[in-house]
Amino acid sequence: MSVKQIQDSFADAVTYLVDEVEAYNAKAVLIQSNQRHDSQENLNVISPGLVHEKLRAVLFSSVPPHFNQVLLRFYTAAFRAFHKVSGEEDLEDSLQCAGCEEVDSCKCAIFIEKFRQININLCTLNLMDGVSQDAASTVAYKFIEQHLQSTCKGNFENRYLNTLEEWLNMTVLGWFELLYKSKADYEASEIMSSLKDHLNHFLYDTYVNVRMDQLFNIIIEFPESQAALEDLKECLEKTNLKPKVIHSLKSAMQRRLLHPGVNTVDILTAYISAIKALRVLDSSGYILQLVCEPVCKYLRTREDTVRCIVSNLTDENCIELAGELVKFTPITTEDNGESEEDDENWENWQPDPVGNEQVQVSKGVRTSDIVSMLVNIYGSKELFASEYESLLAQRLLFTCSLDTEREVRYLECLKLRFGESLLHSCEVMLRDVADSKRLNAHLSAGELP
């Protein structure tokens, strides 16, 4: 059946029911008005107030199997037609009208007028909830999901939540207002208020589910993807999907990072992006601690983890860590205790979220810089200082044209991070090389000491 055939059949059926019920009510009122209260020959007539209840019982006891499918198709076409009449773009690129499915000329306006009359008649028969409510809700859910997918899937650089909320309020709720327009004002207002809350919550749930499958890519593309994280953060605050997001992201990390086929440098790059991105998503550090704990555990099993971290710290081509090193922030090791800094920042304090996994979020996860987080994979500054000493020694021995001034700058930054005592031997090595270069320059110039 075409949409027009479904529409005409549905309209004829509803109109027929209205006419029959009105005719019955008129006869029932006439019979009751002519019967005497004390007569034993009075006819047993269903009162007009019970007709709708009896009608519902009869209709819903004999619904054909394909009725719901036909109803869904009708309300889907009605939603598309409302889109078209409201000035929205067609949901499909086709010569055929997406709403009324006419090829020659669009008849969506006529369709919507008939649709409005059908809903008025259904309200008159008190059948709106039983016939239309489930179908209309199902159609609304489907189009919300489709619109959200087509609007923002794969695009992480723009914020869409406000636009989606406006679309929902104008288009979806506008369509529902068409359904309930014939109800009393107070009743329609109550229904629309409940629907608005319900559909907005469904929108937030759907947004989280769409972004959840893309969250690993969103993290890797940070900071370009910050807009998507801010929208996701807002939705997570309005839903109960944080445990589901954590489970999904942990699985994605395990599947795409934590296996021998991925280089340690790439794992560290992803870990650094995760620290930055997840702090935007959840400032409490709850998600960061649960998601990145397996990453840290896996990195400890890699023999080259410390060397990769130290190499990247002193490599000007490594943008992620080179910028972190010059922040001159001392290394902070894990400490679950409260500090004076916490007391001073009490206005921005947030409680640890209550989730399926109960964890004590450490202060370091919330506040430590990237370098401190990397050092805390092992929890030992000495280990990193020793590795840097070894790496520096190799550079001095095997690099003929080593830029000692650059190495001195890196050493000064590292001393502010790790402390002077741990890097004293490195300072001695660089001073010896500098003295040797100066002496060699004098000798080459023929200047004897």
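Table for the structure above
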read-out: Every residue from segment 299-318 that is of a type in the set (Val, Ile, Thr) and loosely packed, with under 12 Cβ neighbours inside 10 Å; value: Thr301
read-out: Enumeration of residues in segment 390-414 that are under 18 Å from Glu316 (Cα atoms), assigned to a helix (DSSP H, G or I) and among the hydroxyl-bearing types (Ser, Thr, Tyr); value: Thr404, Tyr410
read-out: Any hit, segment 62-69, residues being over 30 Å from Asp19 (Cα atoms), in a loop (DSSP other than H, G, I, E, B) and modelled with pLDDT under 80; value: no
read-out: Considering residues of segment 163-183 that are of a type in the set (Ser, Thr, Tyr) and either in contact with a strand residue (DSSP E or B) (Cβ under 6 Å, 6 or more places away or on another chain) or assigned to a loop (DSSP other than H, G, I, E, B) (or both) only, the residue farthest from Leu195 (Cα to Cα); value: Ser182
read-out: Filtered residues of segment 179-191 (kept if at pLDDT 80 or above and surrounded by fewer than 17 Cβ atoms within 10 Å (Cβ to Cβ)); value: Ser189, Glu190
read-out: Hits in segment 248-265 - residues which are surrounded by 13 or more Cβ atoms within 10 Å (Cβ to Cβ) and either within 28 Å of Asn209 (Cβ to Cβ) or out of contact with any Leu (no Cβ under 8 Å at 6 or more places or on another chain) (or both); value: Ser248, Leu249, Lys250, Ala252, Met253, Gln254, Arg256, Leu257, Leu258, Val262, Val265
read-out: Yes/no for Glu145 being of a type outside the set (A, V, I, L, M), in contact (Cβ under 8 Å) with a residue 40 or more places away in the chain and not in a helix (DSSP H, G or I); value: no
read-out: Meets criteria (surrounded by fewer than 16 Cβ atoms within 10 Å (Cβ to Cβ), out of contact with any Phe, Trp or Tyr (no Cβ under 7 Å at 6 or more places or on another chain) and in a helix (DSSP H, G or I)) for Arg417; value: no
read-out: Long-range neighbours under 7 Å by Cβ, at least six apart or interchain, first residue within 21 Å of Arg438 (Cα to Cα) and touching a residue at least 40 places away in the same chain (Cβ under 8 Å) within segment 396-424, second crowded, with 16+ Cβ neighbours inside 10 Å and among the hydroxyl-bearing types (Ser, Thr, Tyr); value: Tyr410/Thr314
read-out: Qualifying position, being among the basic types (Lys, Arg) and either modelled with pLDDT of 75 or more or touching a helix residue (DSSP H, G or I) at 6+ places or on another chain (Cβ under 9 Å) (or both), among Arg36, Arg80; value: Arg80
read-out: Checking Gly355 against (1) at pLDDT 75 or above; (2) on the phi < 0 side of the Ramachandran plot; (3) among the small types (Gly, Ala, Ser), the condition it does not meet; value: (1)
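One line per residue, one yes/no per condition, for (1) in a helix (DSSP H, G or I); (2) under 30 Å from Met128 (Cα atoms); (3) free of Cβ contacts under 8 Å to residues at least 24 places away in the same chain:
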| site | (1), (2), (3) |
| --- | --- |
| Ala188 | yes, yes, yes |
| Ser194 | yes, yes, yes |
| His198 | yes, yes, yes |
| Thr206 | yes, yes, no |
| Phe216 | yes, no, no |
| Glu224 | no, no, no |
| Lys238 | no, no, no |
| Ser251 | yes, no, yes |
| Tyr271 | yes, no, no |
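The values are calculated or read from the model by the stated rules, or taken from the named source; none is laboratory data. Quick caveat, the model's predicted, so the values are computed rather than measured. Cβ: placed from backbone, ideal geometry, glycine included. Neighbour counts: every protein chain shown.
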